[in-house]
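Please read the structure below before turning to the comments.
The values are calculated or read from the model by the stated rules, or taken from the named source; none is laboratory data. This structure is a prediction, so every number in the text was calculated from the model and none was measured. Virtual Cβ from ideal backbone geometry, glycine too; neighbours counted across all protein chains shown.
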Amino acid sequence: MNGKIEVCEIDALVDAQNGRISPTIYTDPQLYELELERVFGRCWLFLCHESQIPKSGDFFNTYMGEDPIIVTRQKDGSIKALLNQCRHRSMRVSYADCGNTRAFTCPYHGWSYGIDGSLKDIPLEGIAFPHGACKEQWGLQEVPRVASYKGLVFGCWADDTPELLDYMGDIAWYLDAMIDRREGGSEVIGGIHKWEINCNWKFAAEQFASDQYHAPYSHASAVQVLGGKPNDDASKALGTAQTARPVWETAESCVQYGQRGHGSGFFLTEKPDANFWVDGQVADYFRETYEETKERLGDTRALRLAGHNTMFPTLSWLNGMTTMRIWHPRGPDKTEVWAFCITDKAAPQHIKEAMELNACRAFGPAGFAEADDGENWIEIQKVLRGYKARKSKLIMEMGLGNEKYREDGIPGITNHVFSETAARGMYRHWANLLMHEKWEDVQRADEAYEQELLKKAAKKDEKELVK
Amino acid sequence: MNQIIDSLKPQPVWRSIGLELHHDISQFLYAEAQLLDDWKFRDWLDILSKDILYTLKTTTNAQTRDRRKCIAPPSTWIYHDDKFVLERRVAKLETGMSWSEEPPSRTRHLITNIRVEATAQANEYQVFSNYLLYRSQKEKDVLTYVGKRVDLIRKDDSSSLGWKIAKRDITLDQATLISHNITVFF
C-alpha cells in the first residue's frame, strides 16, 4: 500500500451493500496509481482481434493501462505481446498504428529487436560493451500471458490471475451473442476511432456494464430525429426495414447481469429486431441470419440485438450496433477511447460496409448517441473538482435487494435492466482488487459480497411472501 | 492489418484560374462559414446540393516504408453523410435535448489556402481549402480543429449564395482526436 492508502479506506469508498459510492474513486491520483498496479497490472486486458494481425510480422500497437504494448504475429502463427519500451533508455521502439515488420528498432541509439522481442543488434556493441552485452537477457519485456477467446486477444501480466475463461465467467455467454453469431466468428471492419475524453475511465466502463437507464433521457434527441412511428415506413429515418421505436419502449421484459466486475443489460424482444438506430439494411441482415444464430446460441441470444456490455475492466460493446471499444485510462481524469466495428466474418461485404457506417453514425466520436455520452462524463468530472462534491456520496441504490439467479438459462446474478446491480458489482470488485494483493483473496471477497447480496434478496422475497 | 490505398498525397496541379472566379468562390466559402458560425444551420443546408456527400475519415500513423508503397493502417468514418443525415444532425441540434450542444458551441471557422481547380464540368470546380475551427463550449472548454477540405463547388442559381457544395471531403489533422466528441460542422 506504500503506506499511503489504508485498506479500510478503500473499503469504505464502495459501500455496495447500501448503494453508496464515494466520488473520490474518480479523482484520487493515489487510487489511480494503485489501479495501474492492481487492476491494469493483473486483469486480462483486451489487446486486439486476431484478424488485425493475420500474417507473420504483422503488428498492432495498443496499451495495457498506460503501458504501450506491441502485439505481434510470430512465424509459427502464435501471438506475442511486448512492452513497447527499449530496455536501454525506455524509448518506444514501434510507432506506426499497425503494419508489418521484421524488426523493431529504437530510434534513440538503434537497438534492434526481432518480432519475438529478442534483442538482435546493438550498434557498436564491441566498443560500447567491452565486457560483453547480455543480449539474450535484454529482449523487450514480454507480457507473460496471452490468450484468445474466439478471435479476441487478451493479455495479462500477473501469474495468479485465473485463466482467461475463468476470469470471464458468465460474461463469455453474453459476449458470444456479439462475436459467435455465425460460422467463422467475428472480424474487425475498418479502422479505429481514437479520441480523448476528460473523464475517469470508470464512468464509461460502468455505463456500458450497468446503465440502460440513461438511454431514454441522454439520447432523447437521437430518438426524436432517428426514430419513426410504428407501422409508418415513411416516418423511418434509416430505411423501411428500420425498427421504428427504441427497444426500451417496446420490449416486454429485460435483464441486467452483473458479477465479478462484468456487466450487461438487454431487453427480451419478441422478434429479432435490432434497436432503432440500426439502419434498415443491417436490421434486415439480422432478421435473415436469426435462424442460423438461434441454431448456434439459442433463442435468447439470437434475439438479442441491442443492449450494453462491459468485460471488466475496459472492454465494452453494443449488440446489434456492431461497435466494440476499449477505455484506455489516461490519468484519474482522462480516458482514451478506441472504438471499432466488429461483426460476423460471414456477413456479405456490402453489409459489413453498412455496419461500419452504422457504428460510426451512432457510436463514433460524431455519433448521434455517442456524442452525448462523452458530454455527460466530462461534466461529471468537472463537478468533481469541488471539495463538497467529492465528499457527497453518490446514490447507487437502483434495484438494491432484488438480485436473483434466473431459471431461464440467462446466467449470473441478474436484476431488472433499470437497476444498478452491475455497477455495484463492478465497484465492489474494483475495491476488492485494490485491497487485496493475492487473487485468491480478491475472489474470496467477491464471493462473500455475492452471498450477502443474494441472502438479502432472499430475505426480501420471504418478507414479500409473508405480506 | 494495413490496407493498400490509391495515393496518400495526390500532387497538386497548377492551372491558372481567373481572379474573379477565385474571388467569387472564396466569398462563397466565407459566407458559408458565417452561416455555420451564426448557427444558421437550415440556411447552410440550403447551400448543399441534394446529392452532397460529406465525409471525414480518421487519419493514421503509418511507417514511411509503407507509405512509399501506398500502404496505410485502415481508417474509418467520422462523417459519411448524405443530405438526409446532415439534415437529421441539424434537427438533433434543434431538439434542445442534444446535450453535447446544449447550450450550443460558439464556433469560428478560419478558412485559408483556397485554391480552385477547373473540372470536366464547366459549372463545377474542385476547391481546396484549409481550416482552423475554434470551438468554445459551455463555460470555458476550448477545442481546436485544424485540417483541410476538398470541395466540389457547383454554380447554382437556385442558391441564395450563387453556388452549392456538391461534395466535401474533410481531413482532420489528428490521429487521436483531442476532443470528447465531434458535434460541429467543418
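Please find, within region A:161-182, the residue that is farthest from the chain's Cα centre (by Cα) out of those that are more than 18 Å from A:Val39 (Cα to Cα) and in a loop (DSSP other than H, G, I, E, B).
It comes out as A:Arg182.
Taking the criterion of being more than 19 Å from B:His80 (Cα to Cα), surrounded by 15 or more Cβ atoms within 10 Å (Cβ to Cβ), more than 14 Å from every other protein chain (Cβ to nearest Cβ) and in contact with a strand residue (DSSP E or B) (Cβ under 8 Å, 6 or more places away or on another chain), would at least one residue in region B:163-179 satisfy it?
yes
Tell me, please, whether a residue that is among the polar types (S, T, N, Q) and buried (at least 24 other Cβ atoms within 10 Å of the Cβ) can be found in region A:267-284.
Among the residues of region A:267-284, at least one is among the polar types (S, T, N, Q) and buried (at least 24 other Cβ atoms within 10 Å of the Cβ), which makes the answer yes.
Just the residues that are among the small types (Gly, Ala, Ser) and under 17 Å from A:Gln74 (Cβ atoms), please, taken from region A:88-111.
A:Ser94, A:Gly99, A:Ala103
Checking the structure you have, find out if any residue of region A:148-162 is closer than 30 Å to A:Ala366 by Cβ and within 14 Å of another protein chain (Cβ to nearest Cβ).
Checked region A:148-162: at least one residue is closer than 30 Å to A:Ala366 by Cβ and within 14 Å of another protein chain (Cβ to nearest Cβ).
Given the residues A:Ala237, A:Ala244, A:Ala158, which is the only one that is part of a loop (DSSP other than H, G, I, E, B), touching a Gly at 6+ places or on another chain (Cβ under 7 Å) and outside the structural domain of A:Arg385 (by TED's automatic domain parsing)?
A:Ala158
Residues in region B:55-104 that are more than 7 Å from chain A (Cβ to nearest Cβ) and assigned to a loop (DSSP other than H, G, I, E, B): how many?
Within region B:55-104, residues that are more than 7 Å from chain A (Cβ to nearest Cβ) and assigned to a loop (DSSP other than H, G, I, E, B) number 8.
Which condition does A:Ser419 not pass, out of (1) part of a helix (DSSP H, G or I); (2) surrounded by 21 or more Cβ atoms within 10 Å (Cβ to Cβ), if it passes all the others?
Here A:Ser419 clears every test but (1).
Can we say A:Arg444 is under 20 Å from the mean Cα position of the chain (by Cα) and of a type in the set (Lys, Arg)?
Answer is no for this residue.
Please go through (1) touching an Asp or Glu at 6+ places or on another chain (Cβ under 7 Å); (2) more than 16 Å from B:Trp44 (Cβ to Cβ); (3) hydrophobic (A, V, I, L, M, F, W, C); (4) not in a strand (DSSP E or B) for B:Ala122 and return the number of the only condition it doesn't satisfy.
B:Ala122 satisfies every listed condition except (1).
Give just the number: which of (1) within 30 Å of A:Trp338 (Cα to Cα); (2) at pLDDT below 85 does B:Trp14 not satisfy?
(1)
Consider A:Gly374 against the criteria (1) crowded, with 20+ Cβ neighbours inside 10 Å; (2) touching a helix residue (DSSP H, G or I) at 6+ places or on another chain (Cβ under 6 Å): it satisfies all of them except one. Which criterion is unmet?
(2)
State whether the residues of region A:28-49 include one that is surrounded by 20 or more Cβ atoms within 10 Å (Cβ to Cβ) and within 14 Å of chain B (Cβ to nearest Cβ).
Looking through region A:28-49, at least one residue is surrounded by 20 or more Cβ atoms within 10 Å (Cβ to Cβ) and within 14 Å of chain B (Cβ to nearest Cβ).
Considering only region A:97-115, state which residues are away from chain B (no Cβ under 14 Å), touching a strand residue (DSSP E or B) at 6+ places or on another chain (Cβ under 7 Å) and either surrounded by fewer than 21 Cβ atoms within 10 Å (Cβ to Cβ) or not hydrophobic (A, V, I, L, M, F, W, C) (or both).
Within region A:97-115, A:Ser112, A:Tyr113, A:Gly114 qualify.
Can you report the number of residues in region A:5-20 which are over 24 Å from the mean Cα position of the chain (by Cα) and either loosely packed, with under 14 Cβ neighbours inside 10 Å or not in a helix (DSSP H, G or I) (or both)?
Counting residues in region A:5-20 that are over 24 Å from the mean Cα position of the chain (by Cα) and either loosely packed, with under 14 Cβ neighbours inside 10 Å or not in a helix (DSSP H, G or I) (or both) gives 7.
State whether one or more residues within region B:98-118 are surrounded by 16 or more Cβ atoms within 10 Å (Cβ to Cβ), among the acidic types (Asp, Glu) and within 16 Å of the chain's Cα centre (by Cα).
For region B:98-118, residues surrounded by 16 or more Cβ atoms within 10 Å (Cβ to Cβ), among the acidic types (Asp, Glu) and within 16 Å of the chain's Cα centre (by Cα): absent.
Filter region B:43-53 down to the residues that are touching a Leu at 6+ places or on another chain (Cβ under 6 Å) and not aliphatic (A, V, I, L, M), then identify the one that is farthest from the other protein chains (Cβ to nearest Cβ).
B:Asp43
Taking A:Arg87, is it in a loop (DSSP other than H, G, I, E, B), surrounded by 13 or more Cβ atoms within 10 Å (Cβ to Cβ), within 14 Å of another protein chain (Cβ to nearest Cβ) and out of contact with any Ser or Thr (no Cβ under 8 Å at 6 or more places or on another chain)?
no
Taking the stated definitions as given, is A:Pro272 in a helix (DSSP H, G or I) and of a type outside the set (Phe, Trp, Tyr)?
Criteria not met by A:Pro272.
A:Gly184: over 30 Å from A:Asp28 (Cα atoms), crowded, with 19+ Cβ neighbours inside 10 Å and either touching a residue at least 24 places away in the same chain (Cβ under 8 Å) or not basic (Lys, Arg) (or both), yes or no?
Taking the combined requirement at face value, the residue does not satisfy it.
Name the residues in region A:21-68 that are among the acidic types (Asp, Glu) and not in a strand (DSSP E or B), would you?
A:Asp28, A:Glu33, A:Glu35, A:Glu37, A:Glu50, A:Glu66
Under 8 Å by Cβ, and 6 or more places apart or on different chains, what pairs join a residue from region A:190-212 that is facing another protein chain (nearest Cβ under 7 Å) with one that is of a type in the set (Asp, Glu) and outside any loop (DSSP other than H, G, I, E, B)?
Final answer for the pair search is A:Gly190/A:Glu356; A:Lys194/A:Glu336; A:Trp195/A:Glu336; A:Glu196/A:Glu336; A:Ile197/A:Glu336.
Which of (1) surrounded by 15 or more Cβ atoms within 10 Å (Cβ to Cβ); (2) under 16 Å from A:Leu226 (Cβ atoms); (3) touching a residue at least 24 places away in the same chain (Cβ under 8 Å) is the odd one out, the single condition B:Thr95 does not satisfy?
(3)
What helices (runs of 4 or more DSSP H) lie completely within region A:312-400 and have 2 or more residues being closer than 17 Å to A:Ile25 by Cβ and at the interface with chain B (Cβ under 9 Å from one of its Cβ atoms)?
A:370-383
Quick check on this structure: which one of A:Ser118, A:Ser94 is within 13 Å of chain B (Cβ to nearest Cβ), within 23 Å of A:Lys135 (Cα to Cα) and of a type in the set (Gly, Ala, Ser)?
Sole residue among the options that is within 13 Å of chain B (Cβ to nearest Cβ), within 23 Å of A:Lys135 (Cα to Cα) and of a type in the set (Gly, Ala, Ser): A:Ser94.
Rundown of residues vs (1) assigned by TED's automatic domain parsing to the domain that holds A:Ala251; (2) of a type outside the set (Lys, Arg); (3) under 20 Å from the mean Cα position of the chain (by Cα); (4) under 19 Å from A:Val7 (Cβ atoms), yes/no style:
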| site | (1), (2), (3), (4) |
| --- | --- |
| A:Asn402 | yes, yes, no, no |
| A:Gly425 | yes, yes, yes, no |
| A:Asn432 | yes, yes, yes, yes |
| A:Leu453 | no, yes, no, no |
| A:Glu462 | no, yes, no, no |
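What residue, among those in region A:177-189 that are acidic (Asp, Glu) and touching a Ser or Thr at 6+ places or on another chain (Cβ under 8 Å), is nearest to the other protein chains (Cβ to nearest Cβ)?
Once the filter is applied, the top-ranked residue is A:Glu187.
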